[in-house]
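The values are calculated or read from the model by the stated rules, or taken from the named source; none is laboratory data. These numbers come from a predicted model, not from an experiment. Ideal geometry is used to build each Cβ from the backbone, glycine not excepted, and the neighbour counts take in all protein chains shown. For the accessible areas, the whole protein counts, side chains as well, though only heavy atoms, and no ligand, DNA or RNA atoms are used. Shrake-Rupley method; radii C 1.70, N 1.55, O 1.52, S 1.80 Å.
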Amino acid sequence: VCAGRTLSRHIPETGLPTPPEQSTELCEKHLPRRHSIPRFFRIREESRGDVGGQELRSAYNRIHGFYDEFWVSEAGRPVEELAAQLRFEGVRRVIEAGCGTGFATVLLAGRLDKGAELVAVDLSEGMLEEARKRAHAAGFHAIRFIAGDALEKLGSEGTFDLVFTSWVLGYIPLKPFFAAAYRALGPGGRLAFVVHRENSPSRELGIFGELVAQDPSVLTKRVAFDFPRDMNHARDEVKAPGFEIESLREGKITFRYDSPEAVLEHLLKSGAGTAFYDAVDPAMRDKLEKRFLGVLAERNEHSARYDVVHDYVSCIARKP
């Protein structure tokens with residue numbers, strides 16, 4: 001933290017987040033009593049706001065046509081596995097937070113009894129356009145698609161039997177979402193989600209973080225999402241509002257490419273790195289791209305294949 005070498009507090013030996021009290025101890029031990037604010041944090045505080053809903057909407061509106069190829073092609077598997085674990089007997093109302101291109105939406109619609117209501121919400125009109133196409137092609141014409149903030153809709157659309165979300169949490173803060181989901185569910189209702197782990201894909205985001213730490217002025221906005229550190233962190237956040245855990249597991253998906261350029265394309269067209277890229281000063285993007293590709297190639301020199309590994313947590317929880 002003091003040297004400004006990383007984007008967040010980490011214990012070098014483990015890569016794990018450093019507890020605040022340990023960060024304080026380190027700073028008290030190694031910094032003089034009176035010191036200037038480290039350049040990284042000074043520049044970060046001077047940046048123009050945070051990457052939020054407007055930026056995410058813009059990013060996904062731009063990539064909606066590529067999303068299935070660069071993301072759902074592999075990331076659909078954990079969603080299928082999660083949906084297969086759910087029981088749908090007696091489920092009459094379902095809300096999907098962040099439906100994307102409708103991959104999970106169609107899975108859910110196919111499991112619901114006739115007459116059940118499915119509400120699918122997404123910030124991006126472009127993603128909703130793809131979701132509607134997918135649903136209509138599959139013969140599902142009664143799904144109610146809503147453009148808007150899923151967190152807000154959880155509080156304004158009545159009571160549900162199932163709250164489902166895949167690959168969206170983190171962009172939506174965990175605590176407010178789980179609290180809102182708990183309130184939106186009736187007794188016995190279930191929450192089901194798949195979420196990225198923090199700093200995943202670790203190698204690629206690690207390289208990006210190192211490059212930004214070397215010159216924090218490349219960022220025009222702060223990028224601070226709220227992904228769970230690991231399964232235990234996810235468990236604690238889910239249980240906090242009162243949920244009972246029924247199923248909880250960690251997993252990973254791997255995208256394989258043959259060049260660093262293909263890896264960068266994956267990051268920019270899958271959504272995984274799009275928001276980070278959009279926070280970079282446009283005048284400095286070409287330079288940062290070249291440096292990123294160079295470092296990635298150096299660190300992959302012993303293999304002709306580039307594996308991009310995304311770690312995730314999958315969970316089903318019940319409201320008592």
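Can you pull a Stokes-Einstein diffusion coefficient for the chain at 20 °C (1.002 mPa s), Rh from Kirkwood over Cα pairs, as a whole number of µm²/s? Working shown, then result.
Details: Rh = 20.9 Å.
For these conditions, the coefficient is 103 µm²/s.
Placing a pseudo-label 7 Å from each Cα along the Cα-to-Cβ vector at Lys290 and Arg229 gives an inter-label distance of 3.9 nm.
Seen from all directions on average, the range 99-221 presents a Cα convex hull projection of 9.4 nm². FRET efficiency for the pair Glu152 and Phe66, taken as 1/(1 + (r/R0)^6) with r the Cβ-Cβ distance and R0 = 25 Å, rounds to 0.35. For a paramagnetic label modelled on Ala262 (point 7 Å from Cα along Cα→Cβ), amide N atoms under 13 Å away belong, within the range 276-307, to 304-307. Loop sites by DSSP among the trypsin sites (Lys or Arg not before Pro) of the chain, restricted to those with at most 15 other Cβ atoms within 10 angstrom, leave 115-228 as the longest stretch without any of them.
The simple spin-label model puts a point 7 Å past each Cα toward its Cβ; for Leu248 and Ala84 those points are separated by 2.3 nm. Within the same chain, lysines fewer than 8 places from Lys175 are excluded, and of the rest, those with a Cα less than 21 Å from its Cα are Lys153, Lys239, Lys319.
Place +1 on the Cβ of every Lys and Arg and -1 on the Cβ of every Asp and Glu in the chain, take the dipole about the Cα centre, and give the residue among Ile207, Phe292, Phe225 whose Cα lies farthest towards its positive end. The listed residue farthest towards the positive side: Phe225.
Could you give the size of the charge dipole of the chain about its Cα centre, using +1 on the Cβ of each K and R and -1 on the Cβ of each D and E, expressed in debye and rounded to the nearest 20? Before the final figure, lay out the partial values.
Values: 44 positive and 47 negative charges, 102 e Å.
So the dipole magnitude of the chain works out to roughly 480 debye.
Helix 73-85 and the longest principal axis of the Cα set of the chain meet at an angle near 50°. The label point for Ser217 and the one for Thr159, both projected 7 Å from the Cα toward the Cβ, are 5.8 nm apart. Among the protein heavy atoms of the range 170-263, carbon and sulfur supply 45% of the accessible surface, probe 1.4 Å, non-protein parts ignored.
Rounded to two decimals, what is Rg over Rh for the range 88-153 when you use alpha-carbon atoms and the Kirkwood radius? On the Cα set of the range 88-153, Rg over Rh gives 0.94. Annotation: per residue accessible area for the chain equals 49 Å², rounded to a whole number [probe 1.4 Å, protein chains only].
When the range 171-320 is described by a simple charge dipole with +1 on each Lys and Arg Cβ and -1 on each Asp and Glu Cβ, the residue from Thr274, Ala317, Gly188 located farthest towards its positive end is Gly188.
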